[in-house]
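Only the coordinates and a few stated rules stand behind these numbers; no lab work does. As the structure is a prediction and not an experimental result, all values here were calculated from the model. Please note: Cβ atoms are built from the backbone with ideal geometry, for glycine as well, and neighbour counts cover all protein chains shown.
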Amino acid sequence: MSFWIVQTLNGLQLSMLLFLLAMIVVGGIGTIWGPLLGAALLTLADETMREFGDYRDLGLGLMLALFVILLPRGLAGLGQLRRDRGRSVHGGKIAKIK
């Protein structure tokens, strides 16, 4: 006797997919550690806001919107921003350490 299991896209799978995409957006694409930082930050925020029930989704959505507006490159873009500012202070050249 054989059984066929059909997987459908239900609400739980869709919300998990959106949560994973949000981790990538918050962390930033282009590095390995960016999405890992995004995953850690969103997981921590999700666990912190768990007691607020339905407002948790609103808080996570607001957090995602703020990251898209304020940090379009995500957390990984912060490192790039710091490196760019360091170069502009030194006249566009990377300072050599002796």
Square roots of five times the Cα gyration tensor eigenvalues for the range 14-75, Å: 19, 12, 10
Burial ranking of peptide ranges 46-58, 18-30, 67-79 (average Cβ count within 10 Å, highest at the top): 18-30, 67-79, 46-58
Per-residue HN-Hα couplings for the range 61-68 [Karplus 6.51, -1.76, 1.60; θ = phi - 60°; Hz; x = Gly/Pro]: x, 5, 4, 5, 4, 5, 5, 5
